[in-house]
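Everything on this sheet refers to the single structure shown next.
The values are calculated or read from the model by the stated rules, or taken from the named source; none is laboratory data. All values derive from a computational prediction rather than experimental measurement. Every residue, glycine among them, receives a Cβ derived from its backbone with ideal geometry; neighbour counts consider all protein chains shown.
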Amino acid sequence: MIAFIVFLFVVLTPGVILTLPPNGSKITVAVVHGILFSFIYYFALTKLERFTDVGPNADIAIKGYQDIYTKIATIGNPKAKPV
């Protein structure tokens, strides 16, 4: 994913591959390329999210999670039953 972002940044740097608009001022060209980067990144991220383990739908498995939770739940109340 990081490689994709770096690639996208380099390709959309004004003057590397293209410059939009061709005769625009530096500010206009920078804004257009920034907006273009944002749109491509957003739509690519929504497509690539299903193939990677990032994003809100990722499953995270933590080994020993229940043991840690039990220890935290019983702090200050040693008679508490584990959940």
Quick check, is A30 at pLDDT 90 or above and either more than 21 Å from the chain's Cα centre (by Cα) or in a helix (DSSP H, G or I) (or both)? yes
Among the residues of the stretch 3-27, count how many are surrounded by fewer than 11 Cβ atoms within 10 Å (Cβ to Cβ) and in a loop (DSSP other than H, G, I, E, B). 6
